[in-house]
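Below you'll find the structure, written out as structure tokens, and then a few comments.
Readers should treat all values here as calculations from the given coordinates under stated rules, not as data from a laboratory. Just so we're clear, the structure is a prediction, and the values are computed from it rather than from any experiment. Cβ atoms come from the backbone with ideal geometry, glycine included; neighbour counts cover every protein chain shown.
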Amino acid sequence: MKKLALHWKIIIGLILGIIFGLICSGIPGGKEFTIHWIKPFGTIFVNLLKLIAMPLIMGSLIKGVADLKDISKFKSMGIRTVVTYIFTTIVAIVIGLTIVNVIKPGEGISSETVQVLKDTYAADASLQDKLNTAAAQKSNGPLQFVEDIVPSNIIHAMSNNKNMLQVIVFTLFLGFCLLLIDKKKAKPLRKFFDSLNEVVLKMIDIIMLFAPYAVFALLASVIVTSNDTSVLMALLKYALVVIGGLALMIVFYSLCIAIFLKKSPLWFLKNIAPAQLLAFSTSSSAATLPITMERVEEHLGVKNEVASFVLPVGATINMDGTSLYQAVAAVFIMQVLWPEGLIFENQITIIITALLASIGSAAVPGAGMVMLIIVLDSIGFPKDLLSIGLALIFAVDRPLDMLRTTVNVTGDATVALLVNKHQKKS
């Protein structure tokens, strides 16, 4: 009997998790049982992925840099990577703005629904925490991002996955210096990181054996903690607009694969599917990074030196799905609460601010909401309506976060393939 492919196992786990969550939502004590006895297995799995993210970046990236014969190739790869990521993000924002202006989902929301959402979510502790985080980010200077990516303590930087860019900067610096010293003196350290890379890849293989069960646990916990169904139905049109935009981004990536790589989009989607499904389950590009790197290198044929640079950078600065969501959410909130703000200049500002906000945004669940606050503030959205606007979309943020993270990861893999092709030519 043919062995079932990993992505099919994960899909089965996902479907069973949804069914289990729906059943537990309807029986007494089912929610508590799921939270206390099922959810921890999903949390452990995500923690294991986060645990190996930093060692994987260091081992893989140093190996990739140290194997380069010509440093100028790395310069061209870096420029091409950043430019391509910026281009795909702009495409995502434009798609989001186009579809939300054509369909106008905000016109279907009644004042009664707005009041219900305000009463339910405006004072939510999680929402207030995001407002405070955004306020802290807005107070930073123009070069704060550049300052933040240079660590003062690499051990401290490695202790938090939010500091991924800091670790990348240190690792690149270390890798370049390995190229500049005598080869005999560099050899022991290179061997160490080569060995570290191999060990971490084997850890990924072992961790992935538990992926279907973890996805089951994660989806079941999402279902039992979901919000009131009637509220979700009121926001269905808005949610469908976001989902439609995200689907168009997958089409865009598929066209890039077909046009520039002359490969079948189905080949691409089939091989990246396990990473997509884990991104959907965890809502975290950082947690999915080890699997994305494994799929891109082992199954899509991207060279180690390309994948080890492009994917960690992408997990931090490439937020196509999140940027598209911000464009849709910002205009949707304006359609409901501030229609006079729907002018061309504000929509251009949304494109620029969403692009800049995506760079350096934490690759963790909920970061998109913080970025949205910054985008709304940039267009002069009334501050007294801000918490109401966020409450308007808060109910459906979690499922949409799962979907936009899936698009983020797909975009990272697409850019890795495109950069890899260019590196082969050079």
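This ranking places 320, 119, 148 by how few other beta-carbon atoms lie within 10 Å of each, fewest first, which gives 119, 148, 320. Counted by neighbouring Cβ atoms within 10 Å, the residues 99, 12, 291, 343 run from fewest to most as 343, 12, 99, 291.
Placing +1 on the Cβ of every Lys and Arg and -1 on the Cβ of every Asp and Glu, with nothing else charged, gives segment 373-417 a dipole about its Cα centre of roughly 60 debye. Assign unit charges at the C-beta atoms only (+1 for Lys and Arg, -1 for Asp and Glu), then state the dipole size of the chain relative to its Cα centre in Debye, rounded to the nearest 20. Around 1900 debye, computed over the chain. So for segment 6-425, taking the charge dipole from beta-carbon charges (+1 Lys/Arg, -1 Asp/Glu), which of 160, 336, 323 sits furthest toward the positive end? Farthest along the dipole direction, towards plus: 160.
Pick from 276, 326, 347: which residue has the top mean-square fluctuation in a GNM of the chain where Cα pairs under 10 Å get a spring? Among 276, 326, 347, the largest mean-square fluctuation in the Gaussian network model of the chain belongs to 347. Among 25, 126, a tally of other beta-carbon atoms within 10 Å of each Cβ gives an order, fewest to most, of 126, 25. When the helices of the chain are scored as -39500 (n - 2.57) per DSSP H run of n ≥ 4 and the total is divided over every residue, the value at 222 nm lands at -26000 deg cm²/dmol.
Measuring nothing but how far apart in sequence close Cα pairs (under 8 Å, 6+ apart) lie, relative to its length, the chain scores a relative contact order of 32 percent.
Residue 181 to residue 205: FRET efficiency via 1/(1 + (r/R0)^6), r the Cβ-Cβ distance, R0 30 Å, to the nearest 0.05? Once the sixth-power term is evaluated, E becomes 0.35.
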